[in-house]
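Presented below is the structure to which this report refers.
The values are calculated or read from the model by the stated rules, or taken from the named source; none is laboratory data. Note that this is a predicted model, so its numbers are computed, not measured. Don't worry about glycine lacking a Cβ; one is built from the backbone with ideal geometry, like all the others, and counts go over all protein chains shown. When the accessible area is computed, the model is the full protein with side chains, heavy atoms only, and any ligands, DNA or RNA have been set aside. Shrake-Rupley method; radii C 1.70, N 1.55, O 1.52, S 1.80 Å.
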Amino acid sequence: MAESNAASAGKSTSAGFLPYGRQSISDEDINAVTEVLRGDWLTTGPAVTRFEEDLAEHTGGTPAVAVTSGTAALHVAYAAAGIGPGDEVVTSPMTFVATAATAALLGGKVVFADVDADTGNLDPAAASAAVTSRTKVVAAVDYAGHPAELDALGRIAHDNGALLLEDAAHSVGGSWQGEPVGSLADLTTFSFFPTKNLTTAEGGAVIAGSDELLARARGFRNHGLIRDKAAQRYPGEGAWHQEVHEFGLNYRLPDVLCALGSSQLRRLAEFKKRRAGIHARYTAALSSLDGVLTPAVREGADPVWHLYPLRVLEGRRRALFDHLRANGIGVQVNYIPAYWHPVFEDLGYQRGLCPNAELYYSQELSLPLFPALTDADVDRVIDEVHAFFR
């Protein structure tokens, strides 16, 4: 029997180790996958098209290109934007390293700008100060599921001839100022890793409203192959003929995983509601506790909470981390500032570059947050946090 996603105030779902995140798979999800396995298509078939259409229903109708991971989505999006040697990408350091690494792999120069002290999202003023004539993309990150200030960041990007990319790995199903995530940026990327707000096991997507960006994204995810005779340089070669005009990679998400994605999308509203309930329960119990700060929510934001980023003050984050782990609660830290990684250090990036991000990192502790957590599970986490501070 598949795991139930029902949340209740009853017995804990885990008497032992409680992870900080995990997938929620239903019988309907399993049936969707087995239906594809019994059919004729395993990859690049009708389930891919259906998943892309289903996803567009959550992005204000903006078209989607399904790819193999959130990292692949970023790589495809930067390639679609034309990032190459000499181009600059302004982004946040409060993110998984892939947001920066995929731009660097294309030859782009990553310029890190600091974050807002309360949300951990890219600070528009810092982004504006970091933009130069070489900036080609401003890449915002919806940290923990709270949308970035996409309207302000979009103006900054467009006024300087750049594109706005929204790394929405945490925020599919959310909105900013009443507009759905995926409809506000020139390019939006999603991740469907198991701990995210919905899953395709591994997978991601690029969202783009521009026909040109969309075509470039679709081409890059499929080796850059051109099968349309009208677009080929040598169309008379034969019916089998295909050409590559620009390099791409195989980032095709298979039908099997897209079928899972379509099934999960039907449960996204349920996932969002339960995540919000868990988030609210944590905040109600911890907001008055000396020694911690609970997450901020900006006016106009409708988050889909992927993380619960508790801020632990007075240098006690590591001690609380160790205490909770010792008691079977799988807390995590998200994230080390991207430029602290040795690969960026070796390129000349130095600590101290973004003080707000570094302070946020030094305090951040992600509490367990996933739809199958019961209220009893949440209370167990709360009780252990309070016990630490007593």
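I'd like the FRET efficiency for residue 343 and residue 387, computed as 1/(1 + (r/R0)^6) with the beta carbon distance as r and R0 of 45 Å, rounded to 0.05. The computed FRET efficiency comes out at 0.70. Relative contact order of the chain, taken over Cα pairs closer than 8 Å and 6 or more residues apart, is 24 percent. Ordering 195, 184, 289 by Cα displacement along the dipole of segment 182-331 toward the positive end leaves 289 in first place; charges were set at the Cβ atoms of Lys, Arg (+1) and Asp, Glu (-1). If R0 is 35 Å, the Cβ-Cβ spacing of residue 40 and residue 211 corresponds to a FRET efficiency of close to 0.70. Since only 326, 256, 143 are under comparison, the one whose Cα sits farthest along the positive direction of the charge dipole of the chain, derived from C-beta charges on Lys, Arg, Asp and Glu, is 326.
Spin-label model, residue 336/residue 243: points 7 Å from Cα along the beta carbon direction are separated by 4.6 nm. Each label point was placed 7 Å from the Cα along the Cα-to-Cβ direction; for residue 269 and residue 53 their separation is 2.0 nm.
If exposed GluC sites (Glu not before Pro) are those in a DSSP loop with at most 12 other Cβ within 10 Å, what is the longest stretch of the chain that has none? Longest run free of exposed loop sites: 58-245.
Using a 1.4 Å probe on the protein chains only, how many percent of the accessible area of segment 66-197 belongs to carbon and sulfur? Carbon-and-sulfur percentage of accessible area, whole number: 54.
Taking each DSSP H run with n ≥ 4 as -39500 (n - 2.57) and averaging over every residue of the chain yields -10500 deg cm²/dmol at 222 nm.
Between 69, 262, 287, the Gaussian network model of the chain with springs among Cα atoms under 10 angstrom shows the greatest mean-square fluctuation at 287.
Rounded to 0.05, the FRET efficiency of the residue 152 and residue 350 pair, given R0 = 25 Å and the Cβ-Cβ distance, is 0.35. Here the chain carries DSSP beta bridges of which approximately 60% are antiparallel, counting only pairs with both residues inside.
When +1 charges are put on Lys and Arg Cβ atoms and -1 charges on Asp and Glu Cβ atoms, the dipole computed for the chain relative to its Cα centre reaches about 580 debye. In the context of the full set of protein chains, the chain has a per residue accessible area of 42 Å² (1.4 Å probe). Can you work out the PRE-style zone for residue 359? Point 7 Å along Cα to Cβ, and I want the residues of segment 64-92 with backbone N under 20 Å. Flagged as within label range: 92.
Take every Cα pair under 8 Å whose residues are at least 6 apart in sequence, average their separation, divide by the length of segment 1-157, and the relative contact order is 16 percent.
Among all the lysines, which ones have a C-alpha under 24 Å from residue 109's C-alpha, if same-chain residues fewer than 8 places away are not counted? Residue 109 reaches 136. Springs between Cα atoms under 10 Å define the GNM used for the chain, and in it the highest mean-square fluctuation of 167, 211, 29 occurs at 211.
When all protein chains stay in place and ligands, DNA and RNA are ignored, the 1.4 Å accessible-area order of 226, 382, largest first, is 226, 382.
The magnitude of the dipole of segment 237-295, with charges of +1 and -1 set on the Cβ of Lys/Arg and Asp/Glu and taken from the Cα centre, is near 700 debye.
Taking a virtual spin label 7 Å from the Cα of residue 17 along the C-beta vector, which residues in segment 323-342 bring their backbone nitrogen under 17 Å of it? What the label zone holds, given the 17 Å backbone N cut-off, is 323-333.
Note on surface exposure: 142, 383 rank 383, 142 by accessible area, highest first, 1.4 Å probe. The residue among 131, 224, 61 whose Cα reaches farthest toward the positive pole of the charge dipole of the chain, with charges on the beta-carbon of Lys, Arg, Asp and Glu, is 224.
State the Cα centre-to-centre distance between segment 235-254 and segment 276-295 in whole Å. Computed from Cα coordinates, the inter-centre distance equals 52 Å. Estimated at 0.36 nm per residue, the fully extended path between residue 133 and residue 316 surpasses their Cα-Cα distance by 61.6 nm.
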